Structures are given as C-alpha cells and as structure tokens.
Amino acid sequence: MPGNYSADTALTDARETDIVIPIMGTTGAGKSSFINSLLRQVGNRRRFEVGSALASCTNHLESVVIEGQTNNWKRIRGHRIVIVDTPGFDDTYTGDYETLQRIARWLEES
C-alpha cells in the first residue's frame with residue numbers, strides 16, 4: 001500500500017461552502033463506528049465498513065455528504081457537511097507520515 005493513493009477518491013462535487021470534517025485517530029478507536037452512528041442519527045442509509053479484528057479495516061479515505069443539518073444556524077445555513085473516514089494512525093499497513101500525506105492530498109484534491 002505505501003505510495004498507492006489511487007483508492008483515495010477525492011470529493012468530485014466539492015463546494016467552497018462545504019464544512020469538511022476528517023475523522024482521525026488511532027486504528028481501532030471507533031472512527032467508522034462513530035460515522036455510522038452519526039449517519040443513523042441523520043437518517044442516511046449509507047454505512048462504512050467496521051473492522052472486528054486487530055488489523056486495520058479502513059485502508060482508504062472515503063467521504064459522505066450530509067445535507068440539511070445546518071439550516072438552524074444563520075452563518076452556515078445551507079452548507080453541506082462532509083465527513084471523511086480516514087485510515088488510522090498506528091495502522092497495520094501504513095506509517096503515520098504517509099497517512100497524514102494521504103489526508104492532506106485528499107483535502108487538496110477535493
């Protein structure tokens with residue numbers, strides 16, 4: 001996996017007003033589970049894969065757009081929230097520096 005960024009797909013319909021929230025932390029911390037709980041709360045049927053073993057499960061950056069949740073706040077009314085599931089630090093297959101590079105590249109391309 002080192003040096004392979006092809007699986008990290010940038011947000012193709014990014015908007016300047018998007019509120020992008022990358023969910024970052026150590027491998028196994030519950031990042032994907034947290035995102036799935038959030039998606040359930042807002043009524044989105046999409047789910048991210050959650051690992052059950054000690055090895056890393058999230059190998060590439062994935063995003064989901066959540067709309068209609070900012071309408072109660074004047075300054076951000078109508079803005080979309082973009083949640084980004086990221087590979088964990090202390091990853092089984094990738095070093096922390098490469099993980100940060102991949103996140104930075106995804107943000108730049110999006």
Q | Flag for Thr27 being closer than 20 Å to Gly95 by Cα and of a type in the set (Ser, Thr, Tyr) | A | yes
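Could you go through the stretch 56-73 and let me know if any residue there is closer than 18 Å to Lys31 by Cβ and over 14 Å from the mean Cα position of the chain (by Cα).
yes
Which of the following residues is touching a helix residue (DSSP H, G or I) at 6+ places or on another chain (Cβ under 9 Å) and assigned to a strand (DSSP E or B): Val64, Val50?
Val64
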If you go through Gly28, Gly51, the only one that is open to solvent by 50 Å² or more (accessible area, probe 1.4 Å), touching a Cys at 6+ places or on another chain (Cβ under 9 Å) and over 19 Å from Gln101 (Cα atoms) is Gly28
Flagged in the stretch 8-25 as outside any strand (DSSP E or B) and open to solvent by 40 Å² or more (accessible area, probe 1.4 Å), in numbering order, are Thr9, Thr12, Asp13, Ala14, Arg15, Glu16, Thr17, Met24
The correct count of residues that are without any contact (Cβ under 8 Å) to a residue 40 or more places away in the chain and surrounded by fewer than 16 Cβ atoms within 10 Å (Cβ to Cβ) in the stretch 96-105 is 5
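The values are calculated or read from the model by the stated rules, or taken from the named source; none is laboratory data. Here the structure is a predicted model, which is why all the values come from computation and not from measurement. Note that we place each Cβ from the backbone using ideal geometry, even for glycine, and neighbour counts take in every protein chain shown. Ligands, DNA and RNA are excluded from the accessible area calculation, which covers all protein heavy atoms including side chains. Shrake-Rupley method; radii C 1.70, N 1.55, O 1.52, S 1.80 Å.
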